[in-house]
1. Does Gly372 meet the test of being of a type outside the set (S, T, N, Q) and out of contact with any Leu (no Cβ under 9 Å at 6 or more places or on another chain)?
2. Looking at segment 171-184, which of the residues that are within 14 Å of the chain's Cα centre (by Cα) and not polar (S, T, N, Q) is farthest from Tyr211 (Cα to Cα)?
3. Go through segment 96-144 and count every residue that is assigned to a strand (DSSP E or B) and closer than 30 Å to Leu164 by Cβ.
4. Scan segment 68-90 residue by residue and report those that are at pLDDT below 90 and either among the aliphatic types (A, V, I, L, M) or exposed (fewer than 11 other Cβ atoms within 10 Å of the Cβ) (or both).
5. Are there any helices (runs of 4 or more DSSP H) wholly within segment 309-381 with 1 or more residues that are in the same structural domain as Glu260 (by TED's automatic domain parsing) and over 22 Å from Leu164 (Cα atoms), and if so which?
6. Determine which single condition Ile269 fails, assuming it passes every other condition in (1) closer than 28 Å to Val150 by Cα; (2) assigned to a helix (DSSP H, G or I); (3) of a type in the set (Val, Ile, Thr).
7. Quick one: count up the residues across segment 1-24 that are out of contact with any Pro (no Cβ under 9 Å at 6 or more places or on another chain) and either touching a residue at least 40 places away in the same chain (Cβ under 8 Å) or surrounded by 14 or more Cβ atoms within 10 Å (Cβ to Cβ) (or both).
8. Looking at segment 195-252, which of its residues are in a strand (DSSP E or B), out of contact with any helix residue (DSSP H, G or I) (no Cβ under 9 Å at 6 or more places or on another chain) and either in contact (Cβ under 8 Å) with a residue 40 or more places away in the chain or surrounded by 14 or more Cβ atoms within 10 Å (Cβ to Cβ) (or both)?
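The values are calculated or read from the model by the stated rules, or taken from the named source; none is laboratory data. Source: prediction; values computed, not measured. Glycine gets a Cβ as well: all are built from the backbone with ideal geometry, and neighbour counts include every protein chain shown.
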Amino acid sequence: MISDKLAHLTEGEIEDLIQRYYNKEKVSDLINEFNISLNPSQLIKHFPPEISDIECRYCDIKLIKPRKSRDSYSWNKTEASCPKCGHRENLFCPCDNCYEIKKQKKEKELQEKQHLLSQLFAIDEEGKIELTALTFTERIYLGALLREGVSEDYNYIRPLREFLNPFAPMANFQAEIIGHLLGNRVILIHPNTDAEFIEITDPKQDSFGYYPDKVTWYLNVRSNDLNKVPLIESIINPSELNELEFEEALMLWKKIALHESIEYFRYSIHHTLGIEYKIGDKTISVLKDLINDYAVSQIYGIIYKSTNNALRLQAEKGISKKHAANTIIGYAQSFGERAKVNHWDLVKYNRIRECPESALSKFFFERIVKIGFRGFNERPTLELIVNNLS
């Protein structure tokens, strides 16, 4: 531990040198007196470290710490560490031994948590929902979920964040769907879900929180006539709609169209004005009215024109971006009404990469009402559904 530069000194001389250094004697004089081949600024770096009274819990040797400059600030403290393994006596010690202990502790906690979750989310065959008890809308939601996310062995539904396509347009619509299916026990959190995505809030009350897009799901549906594989296939590839379901299909079409319109509305404002916009009741009401008269592809065009009109207004009048954004829905409403009265043939815009078609939209338009791209390019009408399926 003695530097080569101080090797010619006895232990007593080194102690004397250190004491006189901290007593503020001139460093250049000390270097000359003790015949040390160093610049004054280098001396402190060659002092032997301070030896602590604390032993390393792993190596059974005293902790050490480098000497600090006599001119350093009092708050600039250096922690003692083990010269062999680098251990420090604090909660955030970065040494390999502490890291391994923390790792083992975390693994044990996760194992215990996983065991608790396997009991909490244990599969109850008797508590499964009958396939025939599902509503029309639940079957559509479930079909889209399975089509996009069912595992290769049909044993679970992958986490939503692993889907190739977003499950539904808009995060709040996705949360609404998952909340509905989970609330009605159509799907449940799978017992093998990674424990780190579940937060146990009260073990005694089986109370927990979870990350909806990160957990694995379990299909909690059964059928007296079908086992697992045919059951899932019957949901993914449903039979033709009957006449009693046409109205429900139209309602779901409009709901998908509304959220696709909201999604593009928010994107357009953020892309053009660079701000996040909170969607209010008026915006939703106007978009619902537009959906009664126009295809989503045409509403894209109305929103595009309205947003650019707001941008021009901001530049010309010097108004704030928020003020400009607030004019967009009014302009869209006015433009839509004029286009309807004057029978304008509005241009149909394409989907954009930032607002891709969702798994729900694909499933509904391709497997249920079987109109494909027309779900985006045509106005939602009962007539189109009936004529296409009759």
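1. yes
2. So the residue we want is Ala171.
3. The number of residues fulfilling the criteria is 1.
4. If the condition is that a residue be at pLDDT below 90 and either among the aliphatic types (A, V, I, L, M) or exposed (fewer than 11 other Cβ atoms within 10 Å of the Cβ) (or both), then Asp71, Tyr73, Ser74, Trp75, Asn76, Lys77 are the ones that fit.
5. Filter on segment 309-381 gives 321-326, 328-341, 374-377.
6. For Ile269, the failing item is (1).
7. Selection size over segment 1-24: 8.
8. Tyr218
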